[in-house]
Amino acid sequence: MKQQTKQGFSRKALAAAVAAVSTGTLFSIPQLSVAQDGQLEEVIVTATRRAESVQDIPYNISAVAGDDLEAAQVTDAAEMMRSIPGLTVVDRGYRNSGTVNGVIIRGMNVDSGANGDVPLSAVPTVATYVDDTPLYGNFILKDIERVEVLRGPQGTLYGSGSLAGTVRYIMNKPQLGEFEGKVGTSFSQTEGSEGFNLNTDALVNLPLGDKAAFRANIGKIDNDGIVDYANVYKLDASGAPVAQGGDIASGGPEFRRVEDADTVDITYARASLLFEPTDSASIQLSYQQQKDDIGGRRQVTRGSNWVSGVEEPYDDYENGAVALEPSERSVDLTSLEVEVDLGFATLTSSTAQYSHTGSAVSDNTGFYAKNAWFTAYYSGTPRPLAKAERFYEDQALTQEFRLVSNSDDAFVDWVTGLYYMDQDSNAGQNSYMPGFSEHVKAIGWAPYFPWLGDQDFYFRRNQSFTDMALYGETTFNFTSALRMTLGLRYFDNELVNDSVIQLPIWPEPAEDTMASFRTKDSDTQLKANLSWDFTDTAMLYATVSEGYRRGGANAVPLSGNFAENPAYLQYGADSVLNYELGVKGSTNSLRYTVSLFRMDWQDPQLNTSTTNWGFFAAINGESARTQGLELELEGNLTDTLHYGLGYSYVDSQLTDDFMKPGGNWKGDGNNFEYLVAQAGETLPSTAEHTLSASLDHTADMGNGLMLVSRLGAYYQSESMNTIGGGATAADIDAFSLWNASTTLSADKWSATLFVKNLMNEDGVTGALPEAYMGTDPAENFYGNSSKDYISLPRTLGISGNYRF
């Protein structure tokens, strides 16, 4: 299905692209732009490690153009993801955007939608790449050439972690011989906020002679908050809750209200230097950096509180936490890419080093209260406050050498490469009960418990991971219409885990509880694909492929009052076998892709907690499977009216009972298994049906002006918050999101009026239910720590940019 790529991009085509994406959340992003003659243009991607039309790749891949993202002012990956059939996302807002990868492809997920504050033990099922670097940095989407979403396991070319699929963010490169500059700004207000959102950015591309160029962009996101923290404790100079009447022994807390607490302050920048000494060689050095400072959660409490002495519900956009919950993070990425055309093949060397660090404060008071810990272990304190300070650090060096054959008409095309990664990842938590030790003194308990302080939990997890792999794919072109691709990847990895748990508030265990393990794994992943062009513009393909995700170790105490079952110490790798059958094609005015898939998942990893005391842990189940249908359509109804449609049906469920180790009280061997979920239960955070649609109209206003108007919609059916029952179980309602916009553009400028989430739907994708973290006046906890993760409320705004 080889087609001639049309070159150039007229102003009319640019206006059509703006029409496709000129509002905030993209719901059906056309993957082929509209050319001046009304035909659909090809989009070139590099998912197979060679430049190809997206229509010529024999599996289901979606591509989103960076220009479309820019026109839409889409800077958040969660917004972009809703345009991709077969993909859902747990949208936790900016506060948790760098902590947990919420991307779910084809229902491959068993983790709870309640997760989000803690870097999970098991790595995500979906791998994310920035150019050729495997990194979940969740950068702001600016100055991007395109985003590629590869569905299904991509283990051959992308390795461990590409269990369900891969998302690639391809950044713009410096342009030789071209001077370009651009400034842009967006001003908006979001429902629930008393303030405004101001986003600004600037870009420059500078030619440095004939053989070099420099490109840089910088920007800032400054959003006022949406959510009010309705009943936050007043704190004294030491950070402890203020006691009513100064009565430390029995005085209740005093409260205050914090409006629009979840402020967003993000700065980002990227700089690249490209040098092409000859026509057959290029060298690019890039540096990318981002800093986030977030004031609180974009999450709301649905339940009630007892702050006034009687039960009262929370209002819209209120959070019942009794402590503010800010977060901050910083991510830096440096990369060097060298490419040399050797004639018969192109040799690429990709070297990258990154550092990603972050921290956040969480209010765990509701969790302690629901477990009755304040009365059982903490003297029935009248001002209960449990705060967790969590932090993480991930840094790595990656090196990849890749050789890609160049011939366009050879019987055999091939790709081969060598990959190496050296990664250190650390996570930790300090949990405190501010003011607890002072309360113990006030009630006269201090002489009996002289060791008691305010810190009740200390956790450190330090991991070192190395991965080396040799991979290759070979395509046999039997005829111009019939092709077969075979691929394999041999990998050898090693994980070293050193973890420490302390419970400083109690005398046992007297020393650190440590878990130190070294695990090694090596294996080969396989892939086979057959494609047939049954017409000049239509392809039928079938794929069988394997995916793999590494195992690891957990930190749990094995002695003392808090002993857990030794079976929690380690968890194994999981794997998937994917079967896919699809058809894709295009006409002058229509593009389509239809795929059927089934994925059999062995030993699925579940990020959960231990049975006795709820320590962080990952465990393996037996098996699960997902199957379904994905459909994408794009076309023109008239010369000025364009549409896009995406639909997916995903049936995902356990095929065996999911069990986890039971208790092991004081290591006495009283072991048993505990049922987490039964076979047949639906996998969590996965909607059975998702639908995205868009309709846009382009009008030539004369005098060089174009007017583009668009309506977009996204629908997601109901889902489950977690697998099985338990306190985190909750039904997530179906929701739909609507967007509208109009853009006026000229050669050098454009201006857009937009509205995101027109109907102001909550769009809940995850929750910490009241049964898990709610209010409990019997524990002297009158606030409420339960919360729903909501989509961005209705946002009205105007944006503009100027090019020079």
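The values are calculated or read from the model by the stated rules, or taken from the named source; none is laboratory data. Note that the structure is predicted; figures quoted are calculated from it, not measured. Because the Cβ atoms are built from the backbone with ideal geometry, glycine has one as well, and the counts that use them run over all protein chains shown. Only protein heavy atoms, including side chains, enter the accessible area calculation; ligands, DNA and RNA are left aside. Shrake-Rupley method; radii C 1.70, N 1.55, O 1.52, S 1.80 Å.
Side notes on the structure shown:
- Solvent-accessible area per residue in the range 111-260 equals 34 Å², computed with a 1.4 angstrom probe and all protein chains kept.
- Percent breakdown of C-alpha pair distances by 10 Å bin, ordered from the shortest bin, for the range 249-378: 10, 24, 20, 15, 12, 10, 7, 2, 0
- Between ALA538 and GLN244, the FRET efficiency estimated from the beta carbon spacing at R0 = 56 angstrom works out to 0.15.
- Charge dipole (debye, nearest 20) of the chain; +1 at Cβ of Lys and Arg, -1 at Cβ of Asp and Glu: 560
- Here the ratio of the Cα radius of gyration of the chain to 2.2 N^0.38 Å is 0.97.
- Qualifying chymotrypsin sites (Phe, Trp or Tyr not before Pro) for the range 256-350 [loop in DSSP, other Cβ within 10 Å: at most 13]: PHE344
- The phi-based Karplus calculation (6.51 cos²θ - 1.76 cosθ + 1.60; θ = phi - 60°) puts the 3J(HN,Hα) values of the range 709-718 at 10, 8, 10, x, 9, 9, 10, 9, 6, 5 Hz, whole numbers, x for Gly and Pro.
- Computed Kirkwood radius, in angstrom, where 1/r is averaged over Cα pairs of the range 179-329: 19.3
- Set against the 2.2 N^0.38 Å expectation for a compact globular protein, the range 713-798 has a Cα radius of gyration ratio of 1.59.
- The range 353-434 - accessible surface per residue (Å², probe 1.4 Å): 37
- Residue among PHE804, ALA77, THR334 farthest towards the positive dipole end of the chain, charges placed on Cβ: PHE804
- Per-q log10 I(q)/I(0), the range 632-768, q = 0.10, 0.13, 0.14, 0.20 Å⁻¹ (Debye; single scatterer per alpha-carbon; no solvent): -0.56, -0.75, -0.81, -1.16
- Percent carbon-and-sulfur accessible area, the chain, ignoring ligands, DNA and RNA, probe 1.4 Å: 55
- Think of the chain as having a plus end and a minus end, set by charges on the Cβ of Lys, Arg, Asp and Glu; of MET539, SER160, PHE436, MET539 sits farthest toward the positive end of this dipole.
- Segment SER736..ASN703, full-extension length gain: 8.0 nm, with 0.36 nm per residue of separation and the alpha-carbon distance subtracted.
- Mean projected area of the convex hull spanned by the Cα atoms of the range 45-155, taken over all viewing directions: 7.3 nm².
- Largest to smallest principal axis extent of the C-alpha atoms in the range 372-511, angstrom: 87, 29, 19
- For the range 668-729, the solvent-accessible area works out to 46 Å² per residue, with a probe of 1.4 Å and every protein chain left in place.
- With distances taken between every two different alpha-carbon atoms, the range 329-414 has a Kirkwood hydrodynamic radius of 18.1 Å.
- Column: log10 I(q)/I(0), Debye, Cα scatterers of the range 696-758, q = 0.14, 0.15, 0.25, 0.27 Å⁻¹: -0.58, -0.62, -0.99, -1.06
- Taking the range 333-423 and dividing mean pair separation by its residue count, relative contact order in percent (alpha carbons under 8 Å, at least six apart): 32
- Low-density loop positions, chymotrypsin sites (Phe, Trp or Tyr not before Pro), the range 370-464 - DSSP coil, at most 11 other Cβ in 10 Å: PHE411, TYR448, TRP451
- Between helix 11-21 and the chain: long-axis angle, C-alpha atoms, 0 to 90°, nearest 10: 30
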